[in-house]
1. Would you point out which residue out of Asp238, Asp281 is open to solvent by less than 30 Å² (accessible area, probe 1.4 Å) and out of contact with any Phe, Trp or Tyr (no Cβ under 8 Å at 6 or more places or on another chain)?
2. Out of the stretch 52-61, which residues are touching a residue at least 60 places away in the same chain (Cβ under 8 Å) and open to solvent by 40 Å² or more (accessible area, probe 1.4 Å)?
3. Under 6 Å between Cβ atoms, at least 6 apart or on separate chains: pull out the pairs that start in the stretch 80-109 with a residue that is without any contact (Cβ under 8 Å) to a residue 60 or more places away in the chain and open to solvent by less than 10 Å² (accessible area, probe 1.4 Å) and end on any residue that is of a type in the set (Val, Ile, Thr) and assigned to a helix (DSSP H, G or I).
4. Check whether at least one residue in the stretch 35-42 is open to solvent by less than 50 Å² (accessible area, probe 1.4 Å), near ligand 1 (Cβ under 10 Å from one of its atoms) and under 13 Å from the mean Cα position of the chain (by Cα), and report yes or no.
5. Could you say whether any residue in the stretch 18-26 is surrounded by 15 or more Cβ atoms within 10 Å (Cβ to Cβ), within 13 Å of ligand 2 (Cβ to nearest atom) and either in a loop (DSSP other than H, G, I, E, B) or without any contact (Cβ under 8 Å) to a residue 24 or more places away in the chain (or both)?
6. Go through Asp72, Asp46, Asp64 for me and flag whichever is buried (at least 16 other Cβ atoms within 10 Å of the Cβ) and out of contact with any Leu (no Cβ under 7 Å at 6 or more places or on another chain).
7. Here are Arg135, Arg119: which of them is crowded, with 20+ Cβ neighbours inside 10 Å, more than 20 Å from Trp51 (Cα to Cα) and away from ligand 1 (no atom under 14 Å from the Cβ)?
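The values are calculated or read from the model by the stated rules, or taken from the named source; none is laboratory data. Bear in mind that the values here come from a model prediction, so they are computed numbers and not experimental data. Cβ placement follows ideal geometry from the backbone for every residue including glycine, while neighbour counts extend to all protein chains displayed. The accessibility values were calculated without ligands, DNA or RNA, using every heavy atom of the protein model including side chains. Shrake-Rupley method; radii C 1.70, N 1.55, O 1.52, S 1.80 Å.
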Amino acid sequence: MPQTPSRIVAPVVEVFASFQGEGSFVGEAQVFLRLAGCPLRCLWCDTPGSWAMRPDKAARIQRDGEPVQREDRVASPFQAALWIAAVEPGEPRTVSITGGEPLMWPDFIRALRPMLGNRRMHLETAGAHPESLARVLDVIDHVSLDLKLPSDMAEPVELERVVLTPREGEAADADRPEEAEEAEDPEEADVLAPTTETAPRTREDWAMARRRCLDLIQDHDACVKVVVSGGKPPREYDELFEDVARRAPNCPVFIAPATPIGGVRAPEFQDLVTVVENARDLGLDVRVLPQVHRMLGIA
Ligand SMILES: Nc1nc2[nH]cc(C(=O)O)c2c(=O)[nH]1
Ligand code: SF4
Ligand SMILES: [Mg+2]
């Protein structure tokens, strides 16, 4: 059920300016808005700190060259837009909304759109929540769709909605007890209500979600990203490429060799070549692109 417009909030991990490190817009100066909350469990996840919503934690607002600002994590779209404007070093930038899984927050994303003026709004998402993607697609200028190999995914978890009473982490205002009482009424409190669309579990669920997402983006400005990690038979990626070739054949495909973190390995060079050739055999427009922001050592 959509949230009441005046009460739309989402948990913000961080807002910062950087250069886009992945996909079609690599190298572009952008602002990143990272929302917390992800029910998925990619084995090579590079942002596990964004899995939990943690309304008690602070949002990190980073303007280059200035000390990090710590703010209330639970933010309205208006507040997020103010932070975006505050971290931009110069002219307004394209805003990339990432996570976590930003499609946990479709109402928030829709409500943010009119607050960004003529900035472009890009979305970094996994192909796991087609209903939520359909809800936001008309306000998104570019979708960067990560396609996941089912064998790269551990069991998803469910994100529970959180009623914030009063404001999480803040004591009730002793001078205005009537307000504190109001806030304790769940009808009046802010609620972190992630989408109720369930995450894929089985291989079949994943195939269905992926295909629905590809059908949605086929006529949209979009790119597909596939993380290739070490130790996987190159043929495993065929099911992803075959779906792209059938459903969104004009969409550029970026192969991202996994950044070695934790136990994850980068792919062998020969395997990478084979994966690329398998995609090319299907007529796909494919490029290899490691995470450039990691290579630069920036956020
Ligand atoms: N520079 C930079 N580019 C990015 N592209 C996608 C990112 C993400 O975390 O989704 C990301 C990120 O975190 N930083
Ligand atoms: S979808 Fe993104 S945030 Fe969620 S587990 Fe995968 S890589 Fe991590
Ligand atoms: Mg990422």
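1. On the way: Asp281 fails: open to solvent by less than 30 Å² (accessible area, probe 1.4 Å).
After ruling out the rest, the residue left standing is Asp238.
2. Within the stretch 52-61, the subset touching a residue at least 60 places away in the same chain (Cβ under 8 Å) is 53, 55-56.
Across the stretch 52-61, the qualifying residue is only Asp56.
3. Ile109/Val136
4. Let us first name the residues in the stretch 35-42 that are open to solvent by less than 50 Å² (accessible area, probe 1.4 Å), namely 35-42.
Now restrict to residues that are near ligand 1 (Cβ under 10 Å from one of its atoms): none.
Within the stretch 35-42, none of the residues are open to solvent by less than 50 Å² (accessible area, probe 1.4 Å), near ligand 1 (Cβ under 10 Å from one of its atoms) and under 13 Å from the mean Cα position of the chain (by Cα).
5. Here is the first cut: in the stretch 18-26, the residues surrounded by 15 or more Cβ atoms within 10 Å (Cβ to Cβ) are 18-26.
Filter once more, keeping what is within 13 Å of ligand 2 (Cβ to nearest atom): 22.
Narrowing further to those that are either in a loop (DSSP other than H, G, I, E, B) or without any contact (Cβ under 8 Å) to a residue 24 or more places away in the chain (or both): 22.
Looking through the stretch 18-26, at least one residue is surrounded by 15 or more Cβ atoms within 10 Å (Cβ to Cβ), within 13 Å of ligand 2 (Cβ to nearest atom) and either in a loop (DSSP other than H, G, I, E, B) or without any contact (Cβ under 8 Å) to a residue 24 or more places away in the chain (or both).
6. Asp72
7. Numbers: Arg135 fails: crowded, with 20+ Cβ neighbours inside 10 Å.
Going through Arg135, Arg119 in turn, the sole match is Arg119.
Residue-by-condition table, conditions (1) more than 27 Å from Phe19 (Cα to Cα); (2) hydrophobic (A, V, I, L, M, F, W, C); (3) out of contact with any Cys (no Cβ under 8 Å at 6 or more places or on another chain):
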residue: Lys232; (1), (2), (3): yes, no, yes
residue: Glu236; (1), (2), (3): yes, no, yes
residue: Arg246; (1), (2), (3): yes, no, yes
residue: Phe254; (1), (2), (3): no, yes, no
residue: Val264; (1), (2), (3): no, yes, yes
residue: Thr274; (1), (2), (3): yes, no, yes
residue: Asp281; (1), (2), (3): yes, no, yes
residue: Leu289; (1), (2), (3): no, yes, yes
residue: Ile298; (1), (2), (3): no, yes, yes
